[in-house]
Every structure is written in structure tokens, then in C-alpha cells.
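Asker: The structure that follows is given in the form of C-alpha cells.
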Amino acid sequence: MHLFLLLFSLAVSLTAIEGYTGKTSLIILDSPSGFITLEDKNISVLAHPVDRTRGMALIPIDYYASAGDYNISWTTPAITRTLPLHISIASYPTETLSVDPAKVTPPPEAMERIEAESAQAKAIYGHFTPIRYWNKPFIRPIESNTTSAYGSARTYNGSLKSYHGGIDFRALTPTPVQASNAGIVVLTQDRYYSGGTVIIDHGEGLYSCYFHLSRYDVKPGDLVSRGQIIALTGASGRITGPHLHFGMMANGIQADPLDLLLQLNALFPEPKRPL
């Protein structure tokens, strides 16, 4: 086993990690100690959810990151290792949407609210809770078809305004919404763009976000379990029709939620099927 871990460590240090804009690079390390440094950002090394003798690090790549070669430093009490990271530009679709003009060019009286909500969100996502609340794979908040993918460049009423920071699920109002995994509710609020909003802190820099809701069934401070009903879908905020927007934040950066959940869930063994 020791020889395998040594060889694995050497392989990690010599093989470039592939990263894509908007995606998350999850790397497995042979120790749960230390921290990762990418440019001026420090990222905690976390314990593997199944094998606690190993570590992992979630490295979200910003949607607007520049392509190229970067060096990641992994610093432990014993040694600092360099891990090469190559970032490529991911390909995303474009969308043209028609919404309430006030949600594209807000009136002056709405700007103070929008700025306050933006600062509040930045403070929430920038907080690192040194506790892991989840110990099972993540689930989708509802079982439904997706109608809009993460990363789409969005043109609202003829103006390119943003990219889609999550994924949309088709959902008539009201459809029950499940917590994607265990965590602490940190926000339930009606917001200018996202409408009825619930944010859950899963610990260690991971947050899940549920937008455009019509009702909350939880409140800030509640400890929720995976699959617990937390809200009902709706058509609030900047929308073209009723749906659920689901997003994930990793270390303060918007991540492609389905890509991130796929990687996290791959850490768990496949459930055994009955014979």
C-alpha cells in the first residue's frame, strides 16, 4: 500500500491536471493534510469522504479564467510539491430570452437593493465552514428535464448581460424541492434577480442554491438532511416562466453544478445491486 501511494504521489506531481473554464478540477492526494495554492488563492485540502487516509482538493476554474498553463503548489508540514494545471476554454451555448425590462435595466430605486444583495451573497460564499455536513452522494433537487445548461451566454431583450451560473429544471408551480445534501440553511429570502431563494451551506466551501421559489419550508439555521423538502418551485425573480434554478458554489466560485456533483459522487463506491 505504501509503495502504491508513493507511486500515486509521483504520478500526481508529474501529470498535468486538466481544467476547463466553469468546471471544477477535483484532485486526489495521498494525504489529507496541508493546503493548495493557485496564484494568490489558498484552497484547503479536505479528507476523502470514503478513505480518510487520503485527501482531496476542489479547484473551481472561473468562467472567465484565461487559458494556459499554471502551477499549483501543495504544501504539507513535510514538503511542498508542484502540480501543473492546464486550463482550456470550455464551449458553452448561447440563449436569447425575453423578460421584464426592469430585470434587464433596473430602475434607479432598485440599484441599492441589488448592490446589497450582491454584497450579501459574496459574504456568504466567501465564508469557509470548517465542518463537513454531508457523508453521502449528492442528489438532484427535483427529478425533471433540464431546460437551460450551465454556462450559457445569455442575451436578455437584445442585450448580452451575463452567463448562466447554474442549471434550470422544468417545474410547474408548485413542485417540492429537495436539499441536494445535508447542510445548514444560511439564507431564505426574496431577491431581485433570483426571486425566492434558499442557500444551503454543506461545509468546507460548498454551497447549493435554489432560485425562483414560491415558498420556503425551512429557515436560516435549520440543519437539513439530504432529500428533505426545503421549498416549492415558483416563477419569482428574473424568469421567462416557472422553473427551478439550481446552482453550486465551490470555494467562492460558481461551478457547473452537474459536473461538480458527478465528480463528488464518483468518490463513493457504486451501490451493490441485488442478484
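Asker: Taking the options SER73, SER44, name whichever one is closer than 24 Å to TYR207 by Cα and either surrounded by 12 or more Cβ atoms within 10 Å (Cβ to Cβ) or at pLDDT 95 or above (or both).
Answerer: SER44
Results for (1) of a type in the set (Ser, Thr, Tyr); (2) free of Cβ contacts under 8 Å to residues at least 12 places away in the same chain; (3) out of contact with any Asp or Glu (no Cβ under 6 Å at 6 or more places or on another chain), shown as yes or no for each residue.
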{"residue": "ILE36", "(1), (2), (3)": "no, no, yes"}
{"residue": "GLY68", "(1), (2), (3)": "no, no, yes"}
{"residue": "THR82", "(1), (2), (3)": "yes, no, yes"}
{"residue": "HIS86", "(1), (2), (3)": "no, no, no"}
{"residue": "PRO93", "(1), (2), (3)": "no, no, yes"}
{"residue": "SER98", "(1), (2), (3)": "yes, no, yes"}
{"residue": "VAL104", "(1), (2), (3)": "no, no, yes"}
{"residue": "PRO137", "(1), (2), (3)": "no, no, yes"}
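Asker: Testing GLY227 on (1) in a strand (DSSP E or B); (2) among the small types (Gly, Ala, Ser); (3) in contact (Cβ under 8 Å) with a residue 60 or more places away in the chain, one condition comes back false. Which one is that?
Answerer: (1)
Asker: Can I ask one more? Determine which member of the set LEU258, LEU213 is surrounded by fewer than 18 Cβ atoms within 10 Å (Cβ to Cβ), within 19 Å of the chain's Cα centre (by Cα) and aliphatic (A, V, I, L, M).
Answerer: Exactly one residue qualifies, and that residue is LEU258.
Asker: Could you list, in sequence order, all residues of the range 180-208 that are aliphatic (A, V, I, L, M), over 17 Å from PRO49 (Cβ atoms) and touching a Ser or Thr at 6+ places or on another chain (Cβ under 7 Å)?
Answerer: LEU187, VAL198, ILE200
Asker: While we're on this one: Out of SER159, SER214, report the one residue that is at pLDDT 95 or above and not assigned by TED's automatic domain parsing to the domain that holds ALA47.
Answerer: The conditions single out SER214.
Asker: Still on this structure, I have one more. Could you grab me the full set of residues in the range 160-189 that are part of a loop (DSSP other than H, G, I, E, B) and in contact with an Asp or Glu (Cβ under 9 Å, 6 or more places away or on another chain)?
Answerer: Once the filter is applied, which keeps residues that are part of a loop (DSSP other than H, G, I, E, B) and in contact with an Asp or Glu (Cβ under 9 Å, 6 or more places away or on another chain), the range 160-189 yields HIS164, GLY166.
Asker: Looking at (1) assigned by TED's automatic domain parsing to the domain that holds TYR150; (2) outside any loop (DSSP other than H, G, I, E, B); (3) of a type in the set (A, V, I, L, M, F, W, C), which is the only condition LEU85 fails?
Answerer: (1)
Asker: Would you pick out the residues in the range 190-223 that are without any contact (Cβ under 8 Å) to a residue 60 or more places away in the chain, over 13 Å from TYR133 (Cα atoms) and in a strand (DSSP E or B)?
Answerer: Answer for the range 190-223, where residues must be without any contact (Cβ under 8 Å) to a residue 60 or more places away in the chain, over 13 Å from TYR133 (Cα atoms) and in a strand (DSSP E or B): ASP190, GLY195, GLY196, THR197, VAL198, CYS209, PHE211, HIS212, LEU213, SER214, ARG215, TYR216.
Asker: For TYR133, state whether it is touching a Pro at 6+ places or on another chain (Cβ under 9 Å) and part of a loop (DSSP other than H, G, I, E, B).
Answerer: no
Asker: Can you find, within the range 103-127, the residue that is farthest from GLY252 (Cα to Cα) among those that are at pLDDT 95 or above and not in a helix (DSSP H, G or I)?
Answerer: Out of the qualifying residues, it is HIS127.
Asker: Got a number for residues in the range 91-107 being among the small types (Gly, Ala, Ser) and crowded, with 16+ Cβ neighbours inside 10 Å?
Answerer: Result for the range 91-107: 0.
Quick grid of which residues meet (1) in contact with a Pro (Cβ under 7 Å, 6 or more places away or on another chain); (2) closer than 21 Å to SER152 by Cα; (3) aliphatic (A, V, I, L, M):
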{"site": "ALA171", "(1), (2), (3)": "yes, yes, yes"}
{"site": "GLY195", "(1), (2), (3)": "no, yes, no"}
{"site": "CYS209", "(1), (2), (3)": "no, yes, no"}
{"site": "ARG215", "(1), (2), (3)": "yes, no, no"}
{"site": "VAL218", "(1), (2), (3)": "no, no, yes"}
{"site": "ILE229", "(1), (2), (3)": "yes, no, yes"}
{"site": "LEU244", "(1), (2), (3)": "yes, yes, yes"}
{"site": "LEU267", "(1), (2), (3)": "yes, no, yes"}
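The values are calculated or read from the model by the stated rules, or taken from the named source; none is laboratory data. Just so it is clear, the structure is predicted and the values come from calculations on it, not from any experiment. As a convention, Cβ positions derive from the backbone with ideal geometry for all residues, glycine included, and neighbour counts pool all protein chains shown.
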